[in-house]
Amino acid sequence: MIKEYTHICHGTCSRQMTLKYDTDTNKLIDFVVVGGCQGNLRGIRQLIIGMDLDEIHDKLIGTDCGGKGTSCPDQIALAIEELKK
């Protein structure tokens, strides 16, 4: 089943992330961000589309940006944690 989850970002330039994913395969189908560094986020999107959600989470969780304690990649991982609840 295809589902969509929208995450409100905290502590980053990105304000919101929407993840579209397949619950049957656990794969990310699409990823859209509002705000943030668009070049970097387009690159991240290209890398993570089609990947397993758990693999994305494990690779990105805890990534820090400039000592903020979080980053856009970390927020992706947190969004995955939230959508799995």
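Listed values, structure above:
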| quantity | calculated |
| --- | --- |
| All lysines inside 22 Å of K27 as judged from Cα atoms, apart from same-chain residues fewer than 8 positions distant | K3, K59, K84, K85 |
| By average C-beta atoms within 10 angstrom, highest first, the peptides 28-39, 56-67 | 28-39, 56-67 |
| Approximate spin-label separation D52-I2, in nm, with each point projected 7 Å along Cα-to-Cβ | 2.3 nm |
| Cβ-defined net charge surrounding I49, 15 Å radius [Lys, Arg +1; Asp, Glu -1] | 0 |
| Structure-derived Rg and Dmax of the Cα atoms in Å: which label, when the choices are (1) 11.8, 38; (2) 14.3, 42; (3) 16.3, 49 | (1) |
| Packing-based ranking, highest mean first, of 77-83, 45-51 given that Cβ atoms within 10 Å are counted | 77-83, 45-51 |
| Label point distance in nm, L83-R42, each placed 7 Å from Cα along Cα→Cβ | 2.2 nm |
| K59 paired with T18, simple spin-label distance in nm, labels 7 Å along Cα-to-beta-carbon | 2.4 nm |
| Computed helical MRE - 222 nm, the chain, DSSP H runs ≥ 4 contributing -39500 (n - 2.57), nearest 500 | -11000 deg cm²/dmol |
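All of the numbers you see were taken from the coordinates with simple rules; none came from a lab. Quantities reported herein were computed from a predicted structural model and do not represent experimental measurements. Note: ideal-geometry Cβ built from the backbone for every residue, glycine included; neighbour counts use all protein chains shown.
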